[in-house]
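Shown next, in structure tokens, is the structure this report addresses.
The values are calculated or read from the model by the stated rules, or taken from the named source; none is laboratory data. Note that the coordinates shown come from a computational prediction; the quantities given were computed from them, not determined experimentally. Backbone-built Cβ (ideal geometry, glycine too); neighbour counts: all protein chains shown.
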Amino acid sequence: MRTGLAILLALISDAFAWLRLSVRSTKSIRAENLFLRRQLGLYIERGAKPRRIDPVTRVRLTLLSRLFDWRDALVVVQPDTLLRWHRSAWRMLWRLRSRPGRPAIPVQLQGLIRRMATENPLWGEERIANELLLKLGIRVSPRTVRKYMPRRSPGRPRGDLRWSTFLRLHAQGILACDFCLAITASFRMLYVFVVIEHGTRRLVHCNVTAHPTAVWTLQQLREVAGIDHQYQFLLHDRDSIFSVGLDESIHALGIRVLRSAPHSPKMNALCERVIGTLRRECLDWVIPLSESHLRSLLRAWVQHYNRGRPHTSLGPGIPDPPAITLPKSASRHRRCEGYSVRANPVLGGLHHEYCLVAA
């Protein structure tokens, strides 16, 4: 790459030098040519040996030799060497122009093949080729499809799903739970327990305790699951609170327990993220006075989180959207006539929820 760039710059400089010489008189150029030949004759008489010629100079000499009779002017190398450079240049040119094989398919089709292979990890080249032919009317051979499919790592076979793919496939039936710590005005430590639905991003449960135990945690999960539930999986970390007895009791309710790997918070990313949101939007701005005060604060914030806070991951959307119909406006930058914007304060004005009301 560096050599090709040097050759290109050298050819550009030679082109400018050629243009500069084209505006000079023939008499001046002949005098300069004789002047340079006299100086070169001194080096020939003294037997000075030139340095090894680099590829850039070889290309320049090869191209310039096409413009005049070079046999009487060649000094630094033998004539056979320059002829060999000529033949090498022609071989390289024809090798570039005569590439074997079929021409490459369009770039858009290459991207479509990679997209289909990424979105459908269980599909092979035969399935993708048939999908292109029968659904889109594009005829591509399976060997060509295999050429542009992204390479999988040796340790991950085709039938193996990523953890993120598993969570996305079972999002509607997954619950995730975790604890976070809150400090009151009297420096008392309280533990906040949150449970979130993966599919809707809805906080289904939030409670506070000063002494978290496995029995208390199991009771909270029973309140979430209940008797008639639609959940299939419960995801939590390896905290000692989530004991073996707790997991067995949850399994008796028909819910499979998934424990994240040690030191892997990203495996429970949604719950970790909602705890971070709880801290940034609530706990970092208020000082709870007591356990009941913290519980009331969390109750107001959870209602705002589920019913009034937009979530980018939902499209954007709201986990429990209110049943409202927005009036149509003639302009995208103006609200409808006859309506005004109302702001409803949340947590004493820390946040606000906005809606349109009739003026």
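The table below gives the values:
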read-out: Scope region 282-303; condition aliphatic (A, V, I, L, M) and either in contact with a Cys (Cβ under 6 Å, 6 or more places away or on another chain) or without any contact (Cβ under 8 Å) to a residue 24 or more places away in the chain (or both); matching residues; value: Leu298, Val302
read-out: Only listed residue being more than 28 Å from Trp285 (Cβ to Cβ), under 32 Å from the mean Cα position of the chain (by Cα) and either at pLDDT 80 or above or assigned to a loop (DSSP other than H, G, I, E, B) (or both), chosen from Arg332, Arg309; value: Arg332
read-out: Residue match in region 271-289 (condition: part of a helix (DSSP H, G or I) and among the aromatic types (Phe, Trp, Tyr)); value: no
read-out: Count of residues meeting criterion [in contact with a Cys (Cβ under 8 Å, 6 or more places away or on another chain) and small (Gly, Ala, Ser)] in region 214-235; value: 0
read-out: Residue identified as in contact with a Pro (Cβ under 9 Å, 6 or more places away or on another chain) and closer than 17 Å to Cys206 by Cα among Arg307, Arg299; value: Arg307
read-out: Pairs, first β-branched (Val, Ile, Thr) in region 309-323, second at pLDDT 80 or above, C-beta under 9 Å, six or more apart; value: Ile318/Asn306; Ile318/Arg307; Ile318/Gly308; Ile318/Arg309; Ile318/Pro310; Ile318/His311
read-out: Residue satisfying all of: in region 189-221; more than 35 Å from the chain's Cα centre (by Cα) and of a type in the set (S, T, N, Q); nearest to Gly173 (Cα to Cα) among these; value: Gln220
read-out: One residue from Ile7, Ile53 being in a helix (DSSP H, G or I), modelled with pLDDT of 65 or more, over 30 Å from Val140 (Cβ atoms) and in contact with a helix residue (DSSP H, G or I) (Cβ under 9 Å, 6 or more places away or on another chain); value: Ile7
read-out: Among the candidates His251, His211, His236, His229, residue that is of a type outside the set (Lys, Arg) and exposed (fewer than 11 other Cβ atoms within 10 Å of the Cβ); value: His211
read-out: Residue selected from region 254-270 under the condition part of a helix (DSSP H, G or I) and touching a residue at least 24 places away in the same chain (Cβ under 8 Å), by the criterion surrounded by the most Cβ atoms within 10 Å (Cβ to Cβ); value: Asn268
